[in-house]
């Protein structure tokens, strides 16, 4: 006990030990916001038909999640219990507005493509959920890392789904950006393979993958795979 | 009136908020274990969506847009104001229901406050702005969208009640299966794309 308090006093403000590392890595697998906590599916699956918008969305969520956790944690002792929801919503809404305006300035086409989904980060349950579950009860630095970790766990699933959907639905990767690659199918020929010697030249694009339903199937299958490896996550009810 | 039905049918069936736009997915998956609770939440969503949509329309037109009361372009405040309206409307609805119909209040229970963070509500308002609906159209969109959400959550709750007795592989049980069913429902709803809302409008 004495040793514990001693280490606590010595702990620097921005410590990065084992506990902090688990805050970052846990949401990637054991405590993934999408496949385990079932939070934040709402606002972003519709953007996963292409990789580039998903990456932008992931970065936006990481930013909002991290900083809203940080600010809520800084203010946690001053927020009255009854109005905490509204205070949290205002913090999140402000950050999302910052993200929205920045993206509009930096890259208007992607801003248009994401349309309402950037604004919907506000009601993304993952942000609110982490504020309620973690930031209201923990120190700022830890809350910040927890926010980053959950944003990363969320972004990882998003990008995974987007890669599968774009590759099989359009035969390309990173469409709409400077490094667009057409990888499989008849017109492939951007990357390592050439047009004459295209990979899987017989492949016709699977239109199912472009539909919203495909995202649901892919996440269902990802959950299946994850739970087969990780038996403690299996739903026993 | 024709235009009203046109938008209503489109919002409820063809562009279903859950199955085509993934809005309100969290509560959709969390509260769809039994039909009874799903029914209560669905009704509450129709109600709140139907109320907040015209209010947010009025705010957008009269306060935030450049031709509004203040004469300034305040659209950067849109997100904060919309979510504040939604949060306060949910609170208000909760108090009114509690006062005048305690039985309905008990039936809805915890679902009412949950609606604040249901993306379908804020998403509906943001779609309304980006599609430039007028007041009637936004009411129709609110009610139609709410009705579509209601249908979807009832359907999945009924399926999940039945599927509990089937032999699903253990890792897929529960959440994984719910995702796959939702995907199949999305494909099923695509068959409704054949509906021509203009036919209703012309009658």
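Okay, here's what the table says:
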read-out: Ranked A:146, A:26, criterion: other C-beta atoms within 10 Å, fewest first; value: A:26, A:146
read-out: Largest-first principal axis extents of the Cα set of chain B (Å); value: 63, 42, 31
read-out: Residue A:26 versus residue B:163: modelled label distance in nm, points set 7 Å from Cα along the beta carbon direction; value: 2.9
read-out: 10 Å Cβ neighbours from other chains, averaged over peptide A:204-216; value: 4
read-out: For region B:1-72: relative contact order, % (alpha-carbon pairs under 8 angstrom, 6 or more apart); value: 9
read-out: Inter-chain shielding of A:218-227 (mean C-beta neighbours from other protein chains, 10 Å cut-off); value: 6
read-out: Sorted by Cβ neighbour density within 10 Å, fewest at the top, the residues B:133, B:21, B:165; value: B:165, B:133, B:21
read-out: Relative contact order of chain B, pairs being alpha-carbon contacts under 8 Å that are 6 or more residues apart, as %; value: 44
read-out: Per-residue Cβ neighbour rank within 10 angstrom, fewest leading, B:119, B:26; value: B:26, B:119
read-out: Point-to-point label distance, residue B:36-residue B:187, nm (Cα→Cβ direction, 7 Å offset); value: 3.4
read-out: Residues in region B:166-182 that a label on residue A:231 would reach, taking backbone N under 13 Å of a point 7 Å out along Cα→Cβ; value: B:170-171
read-out: Base-10 log of normalised Debye intensity for region B:44-96 (one unit scatterer per alpha-carbon) at q = 0.19, 0.26, 0.31 Å⁻¹; value: -0.63, -0.94, -1.14
read-out: Shielding score for B:83-89, defined as the mean number of other chain Cβ atoms within 10 Å; value: 3
read-out: Förster radius 51 Å - calculated FRET efficiency between residue B:106 and residue A:19 (Cβ-Cβ, nearest 0.05); value: 0.75
read-out: Ordering of B:83-92, A:91-100 by burial proxy (mean other Cβ atoms within 10 Å per residue, highest first); value: A:91-100, B:83-92
read-out: Cβ-Cβ FRET estimate between residue B:96 and residue B:130, R0 fixed at 30 Å, reported to 0.05; value: 0.50
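Read the figures in this text as sums done on the coordinates, not as results from a lab. Nothing here was measured: the structure is a model prediction, and the numbers come from that model. With ideal geometry, Cβ positions are generated from the backbone for all residues, glycine too; neighbour counts draw on all protein chains shown.
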